[in-house]
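Take a look at the structure set out below.
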Amino acid sequence: MASMYAHYRFYSSSEVPLDLKLHVTSLDCKHLARTAALAGLDEDIDPQDLVVRAHVYNDGTENAEQGEYTPQLPMLLGSSVFWNGWLTLPLRIQDLSRDAQLVLTLWAPGELLVGGCRITLFDERLRLRSGAHRLVLWPRIRRPATRDDGSEGMTATEAAAEFLKGLHGVRAAIGETDDLDASVQVAAAVAAGDAAGPPVAEASLVPGVPVEMTPEAARATLAEQASEEDGATRGAASRGSRSSSDADGAAGEYAAPVSEGTAAVLPGDSAWEAERLVRAKAEFDAGEIPHLPWLDRLTMRQLAADQEAAEEEAEAVAEALEAAEEAALGRGPGPTPRGRAALAARRHPLCSFLTVEFPVLPFPVVFDSPAYADVAAPPSVQDGLVGPSALEEDSNAARWMGRLVTIFDPDAGLEHPVEAKVAKLGTSDARRGVDPGATPTPAERAAIDAVLHNPSIPARAITDLLWRYRHTLLRKPAAVVRFIDCVDWSDPEEVADATALPWALAPPEDVLRLLGPGYPHDVVRRYAIRCLSEASADEISLFMLQLVQAVRYEPGVRETVERNSMAKAAAMRGPPSTGGGATPGAALVEGLGELGPTPAPRDHGGEAGDDVDDEDADDGAAEGDVREAQTGRTPSHRSLATSAASGAGGGSPAAGAASAYAASVDGRASLPAEEDDVEISPLADLLVRRACTNLTVATQFHWFVCVEAENQAFGLVYNAMLASFMDQSERTPEGVRLMTEVSNHASYIRSVLSAVESVVSEPGLRADGKTANLIAAFSPGGAFSSQAELSSPVILPLDPRVRVCGLVAADSRVFKSSVSPARIRLVIHDSTDPGFIAERFGDDAARTLIGLRAARLRAEASARAAGLPLPAKFDSEAAIRAPGATRWTYDTLFKIGDDVRQDQLVLQLLDLMDRRFKQFGLDLSLTPYKVLATTTTTGVLEFVTGAMALDPIKRNILGWLKGHPGNADVDGMGGVRLDVIERYTRSCAGYCVWTYIMGIGDRHLDNILITPDGRLVHIDFGFAFGKDPKPLPPKVKLTKDMVEVMGGYYPKFLTKATRAFGFIRQKAGLYLDLLGLMRDSGLQSMADDPERAIAFVAEKLRLDMSEEDAELVLLGAIKDSVSAVFPLFVDFLHTVATQMR
């Protein structure tokens, strides 16, 4: 048998252009009279006058054309009528669907329907039917489903019920009623439900079914019972009965028009069993069943005996029925004991059989769909599909257009049931009988460590090990998160076992993933929030961008969004602001007078004059976070409108700060009104509490939440967070101070954005004209002159350590670009943190600042004692305005009409990578400049002062470096100091690795800058995660001109690159988790398919490879990029286009 199937050859149905043919061979007329009687027709029908009509149902629809098979010289031999000739149907084999059916109807003269039968054209193994098939002729059946065509045909169930009713009357006359009532009632119940679904087969007449049940319940019970009986019958069948015709026989040849899988073979009924065996013999003769001589002889003898028994049974039943009818009319004694036994065992009408033959091809024809069609996915997953519209935006996929189609696979992403069962059994075994003090063996320890340090390996790969040694592993923070991954949170018993032991608190970077959409269980999220409550303000600040995004995944948030009316939100949306978006805060302030009486001040439970130390406040917030995380309670809050109204009506500093903060809020979603039911989730409350105790956290919280407040769906939730921040900040003096700082700088930034927008939006002006207008706007007498000189300093949101007190109007400049970004030079106030001054301007500048502060404090004390004003030389505002005075400045870039949120994300990842490099002593001289998105269309960026684009100097980079003071050295490389070349080499290595992993696109030489001290700086990250507007982009942007600058440092460049790549791979889980939390942020390169973006970064990290193999892949990408020619041509075209612009 093995050799028989060694080379299985077949035709694909989609490639067979032949017409569908069939041959109606014969009709067994032995019981034709009874069939006609059940159909209500004259029993004296001449079989030679019958006509067979064929109907093909393809995709559940009947073909428009039908085939009619008129007898060609029919011959009546014995009890059967035979026809000659083949019928060609108007349908090709390649056009057949998987569920195609052939329905044959038998008609008497006068268009009288006698009966019909049906057969599926493909068997359960997807093979096209071939050879002869003997079909049951059911009385007056035409349609495979409900009879919605108005025909008067009787379904199989109705025919069976009618037969049983008649049989019940006959047997009642002779005193045998036993279980016929149940059978008749069940059949009637199912027949009554025919309008709601397809009719069932005579398997519904199996005894033992409860009588009082609905048609649906009768269908389910009978189908299950018939399926079991069918399986038992097949197990006792002859050798080779698993062939296609046998497997589908009950559902096809021997069934009424029913759904596939409903059995009709009744155990103990020799007539039906004999018919099935006859079909198996036909397959044996066709060679579909292997021959085994010694067993074949036994089987043939048994077949002959079964056939003879079936004929005898049929004759006995016919005689018994005739005798019973005579007895009922008083004309005879009734059936004999043998006839009564045969009648009692019979459970189906006596039917005729129609034999049909299909062509036999040299090889089987197997169903094969010609092509995937556009399958409509459910609305819940339709947004995640990558259709042609998304592919059109990807130039790399353009060449595949026309060959790709959208396919929805409902099973994609589902867990394999066998694997799930094995994991469940392993978990159950590992949960029981475990020694709490057991420790893993060295081999088990290696397997556990591999999973803990490689996020690409699923935790379920070692589920049994994690459960077996959970008493030891749960004490280690790194193992807790991986243990959570292998817990079935839908199983209460398993959850109880998992939470019975204390979990070690993990660092914030390890629990970020637990805040994503894949971890909805409340226990898991409470654990993550508890870990975050123990984090420092600096750690919270590092991940604030993702933590704000994670609020949307909190339990109950989506329900809150759906519950609140979005129509009301749209009605309250204010007009567009001059800063690039609607300003609900401004609309709120305008409507304060319409809010009615000011509510009474709330009792916050503390004295207004109590001082709160920063450290104590942090501790208090942490304790509250843990307490609420454990209880799961959500604090209440006032709406932003109510909070602002309270502030407007009061005279306290807290009230004034609240009113000013409400005016500074900028977003596009509506404000939560008092009647809106918006709850603050535990994570949102944690962020609010931490924002009330730290200036950096408060600044990030304000801007990140304001941007998300523009979201149409979640705007109410994020605005509720702003209201909660205002509400909780009013409770302490420190909170009031932070809220005032945030509102002051937010108002100033929005004012500068308004000035820039008013200038760059003027049509018809070139960059020079816009620059002149911007300088005039900030100059004395200009529309925005007040922004050039502030009465009190404000913090810089890019770096809250910096305080600015104005701007240098004359140094403003609008650049030539599609969005016309404007450089604004801000003036640094002497209250700036000396640490920042040392980083930016050197230690000498920091010492000067500290000395100035000390002298000023002494001068203030002397002036206060003498009652005199402070001398002008110690007045910082006066000093920076005096001509020739020393000033420190901070260059910024204000963008209007550009979404910089993606730049904000990729530079956050660059900053995290740079911190890790320096942690291990690897300084790559990277420049992760600051970026802040103020709305989805505006932003502020740190401007890299003194940097030059590589495009104008690409042929003479060394000459440009040499021309800067202090860089020339006759003993250096190309006349440039070696430390400058080394700094250039390090930064080039760092950016090559980072852009390779992040898939940064649009890397022309105008987007790569170089500073006078030799550092490379990449800018403009509108294309990332593998997206690029140019065709065939290099994996790494590294030209031969850039390599030549390194000279003998090129080997060191490769070494630095591979080391950096290794450090990034060690923390791959963190970077992937951060990207995962941004999946629904709507970033340009993630909006269409966030999973693709995350998978791209994971693929670049090559976590499936060893360290050495992954490094070889990186080095290969660098080598290919250096030798690539096409990118040079693309750079040339870009240079030409820029010059023409």
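Just so you know, all these numbers are worked out from the coordinates, no wet-lab data involved. Remember, predicted model here, so these are calculated numbers, not experimental data. Cβ: placed from backbone, ideal geometry, glycine included. Neighbour counts: every protein chain shown.
Per-residue Cβ neighbour counts within 10 Å put ASP727, ASP368 in the sequence ASP368, ASP727, beginning with the fewest. For region 946-1140, the spread of Cα coordinates along the three principal axes comes to 52, 43, 29 Å, biggest extent given first.
Note on LYS30: lysines with a C-alpha under 30 Å away, same-chain residues under 8 apart excluded, are LYS21, LYS165, LYS281.
Straight Cα distances below 22 angstrom link LYS476 to the lysines LYS1067, with same-chain residues fewer than 8 positions distant left out. Need one word for region 417-504: rounded, prolate or oblate. Basis is the Cα gyration tensor (sqrt eigenvalues a ≥ b ≥ c); a/c below 1.5 gives rounded, then a/b vs b/c decides. Verdict is rounded for region 417-504. Put a plus charge on the Cβ of each Lys and Arg, a minus charge on the Cβ of each Asp and Glu, and nothing anywhere else: the dipole of region 417-504 about its Cα centre is then about 220 debye. By the count of other C-beta atoms within 10 Å, a proxy for reagent exposure, THR848, THR937 are ordered fewest to most as THR848, THR937.
Between ASP951 and ALA1087, the simple spin-label model (points 7 angstrom out along Cα→Cβ) gives 2.5 nm.
Relative contact order for region 761-892: 19 percent, from Cα pairs under 8 Å spaced at least 6 residues apart, divided by residue count. Exposure proxy ranking for VAL827, VAL523, based on other Cβ atoms within 10 angstrom of each Cβ and starting from the fewest, stands as VAL523, VAL827.
Measuring between their Cα centroids, region 1043-1097 and region 972-1029 lie 14 Å from each other.
With a threshold of 21 Å on the Cα-Cα distance, the over-threshold entries among LYS816/LYS1037; LYS770/LYS930; LYS918/LYS1119; LYS1052/LYS1119; LYS962/LYS1037 are LYS816/LYS1037; LYS770/LYS930; LYS918/LYS1119; LYS962/LYS1037.
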